């Protein structure tokens, strides 16, 4: 049933759920931490390697 309501962020399911927002929140919860630093002549990026 979710397939009909998960293509747009503004389409509510009959239960009042926004599936795209739920998918985004799940992706954030599964993601590792990252940090970036911008210098005058360099950029440093570091990311957490996470296994699922």
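Residues checked against (1) at pLDDT 90 or above; (2) in a loop (DSSP other than H, G, I, E, B); (3) touching a helix residue (DSSP H, G or I) at 6+ places or on another chain (Cβ under 6 Å); (4) surrounded by 10 or more Cβ atoms within 10 Å (Cβ to Cβ):
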| site | (1), (2), (3), (4) |
| --- | --- |
| 7 | no, yes, no, no |
| 11 | no, yes, yes, yes |
| 29 | no, no, no, no |
| 37 | yes, no, no, no |
| 46 | yes, no, no, no |
| 49 | no, yes, no, no |
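Which of the residues that make up the range 16-27 are at pLDDT 90 or above and over 29 Å from residue 50 (Cα atoms)?
Answer for the range 16-27, where residues must be at pLDDT 90 or above and over 29 Å from residue 50 (Cα atoms): there is none.
The values are calculated or read from the model by the stated rules, or taken from the named source; none is laboratory data. The model shown is predicted, which means the values in this text are computed figures rather than measured ones. Every residue, glycine as well, gets a Cβ built from its backbone with ideal geometry; the counts of neighbours run over all protein chains shown.
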